[in-house]
Amino acid sequence: MSYTDKQITCHDCGTVFTFSVKEQEQFASIGRFNAPKRCVDCRAKRKPATSKSESVVPIIMPGNINYGSAPRRMFAVKCSTCGKDTQVPFEPRPDRPVYCYDCFRKTRQAVKS
């Protein structure tokens with residue numbers, strides 16, 4: 001496929017930039033066939049804001065859930081099945097049973113079977 005230089009107006013700053021033949025070939029080689037909406041400078045400014053390295057990845061551990069922000073408020077309770085002291089990330093209600101991590105897993109497995 002033959003390409004020609006294109007003059008494009010940047011979506012963000014309004015400057016006119018050239019989408020060169022070389023850039024078009026590079027875009028096509030990585031599977032991008034649409035012309036960019038932004039100039040090189042505006043693309044560079046947006047890149048850190050949309051970087052995947054800054055996203056919050058939840059770390060799930062038994063008995064504690066931490067989403068990379070402030071520590072979650074935990075409530076001390078006794079397990080309704082075994083009586084062991086444990087902590088849960090929600091305020092327990094008196095009319096509902098509360099389980100420790102092990103008893104909760106056993107209860108979930110029994111329900112799924």
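Yes/no per residue for (1) surrounded by 12 or more Cβ atoms within 10 Å (Cβ to Cβ); (2) part of a strand (DSSP E or B); (3) in the same structural domain as Phe19 (by TED's automatic domain parsing); (4) at pLDDT 85 or above:
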site: Arg43; (1), (2), (3), (4): yes, no, yes, yes
site: Ser69; (1), (2), (3), (4): no, no, no, no
site: Glu91; (1), (2), (3), (4): no, no, no, yes
site: Pro94; (1), (2), (3), (4): no, no, no, yes
site: Pro97; (1), (2), (3), (4): yes, no, no, yes
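Of the residues Lys84, Lys112, only one is modelled with pLDDT of 90 or more and among the basic types (Lys, Arg); which? Spell out how you get there, then give the answer.
Numbers: Lys112 fails: modelled with pLDDT of 90 or more.
Of Lys84, Lys112, the one residue that is modelled with pLDDT of 90 or more and among the basic types (Lys, Arg) is Lys84.
I need every pair where a residue in the stretch 3-16 that is more than 11 Å from Lys37 (Cα to Cα) has its Cβ under 9 Å from the Cβ of a residue that is of a type in the set (Lys, Arg), sequence separation at least 6 or different chains.
Tyr3/Lys22
Do you know which residues across the stretch 14-39 are exposed (fewer than 13 other Cβ atoms within 10 Å of the Cβ) and assigned to a loop (DSSP other than H, G, I, E, B)?
Matches in the stretch 14-39: Gly14, Thr15, Ile30, Gly31, Arg32, Phe33, Asn34, Ala35, Lys37.
The values are calculated or read from the model by the stated rules, or taken from the named source; none is laboratory data. This structure is a prediction, so every number in the text was calculated from the model and none was measured. Reconstructed Cβ throughout: ideal geometry from the backbone, glycine too, with neighbour counts over all protein chains shown.
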